[in-house]
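Student: Okay, handing you the structure first.
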Amino acid sequence: MINPNDRQLDVKGGSLRLYLQDTRVASGVISDPDPAPAFGESVMTARASGDLLGGISLVRKLMQGNAEKFDYRIDISLRREGSLFPLKTSRHGQFDLRGVAKPDQNTISP
């Protein structure tokens, strides 16, 4: 976590959700993170679990089309000490799968 402010950022914990192709495939928690110093940064560790139904839905979506690009999004919510409202952020993008080697479907592997 990068803190661009002139005072330390104390975070109690947080949560995250990972989406692939607009399907939630994992969610997790951030517990007991180190504070981020003023104009500094700290590392947070998250524990996440896969979403079985989301994974099945994602596989179904992928089987329906020939995806050359893969959308992703991660939503993070952090709880600060002494604040009733969470800090929320989201990052999104796309993986370009063109040019990624695909297995030859006519070949049998041992």
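The values are calculated or read from the model by the stated rules, or taken from the named source; none is laboratory data. Keep in mind it's a predicted model, so treat the numbers as computed, not measured. With ideal geometry, Cβ positions are generated from the backbone for all residues, glycine too; neighbour counts draw on all protein chains shown.
Student: So, residue 65, is that one modelled with pLDDT of 85 or more and either surrounded by 14 or more Cβ atoms within 10 Å (Cβ to Cβ) or closer than 16 Å to residue 20 by Cβ (or both) or not?
Tutor: no
Student: Count, please, the residues in the range 14-58 that happen to be in contact (Cβ under 8 Å) with a residue 40 or more places away in the chain, farther than 15 Å from residue 75 by Cβ and in a strand (DSSP E or B).
Tutor: Residues that pass the stated criteria total 1.
Student: Can you pull out the residues in the range 11-41 that are charged (D, E, K, R) and surrounded by 14 or more Cβ atoms within 10 Å (Cβ to Cβ)? Spell out the reasoning first.
Tutor: Applying the first criterion (charged (D, E, K, R)) to the range 11-41 yields 12, 17, 22, 24, 32, 34, 41.
Of everything in the range 11-41, those that are charged (D, E, K, R) and surrounded by 14 or more Cβ atoms within 10 Å (Cβ to Cβ) turn out to be 12, 17, 24.
Student: Restricting attention to the range 16-59, which residues are of a type in the set (D, E, K, R) and out of contact with any Lys or Arg (no Cβ under 6 Å at 6 or more places or on another chain)?
Tutor: Within the range 16-59, 22, 32, 34, 41, 47 meet the criteria.
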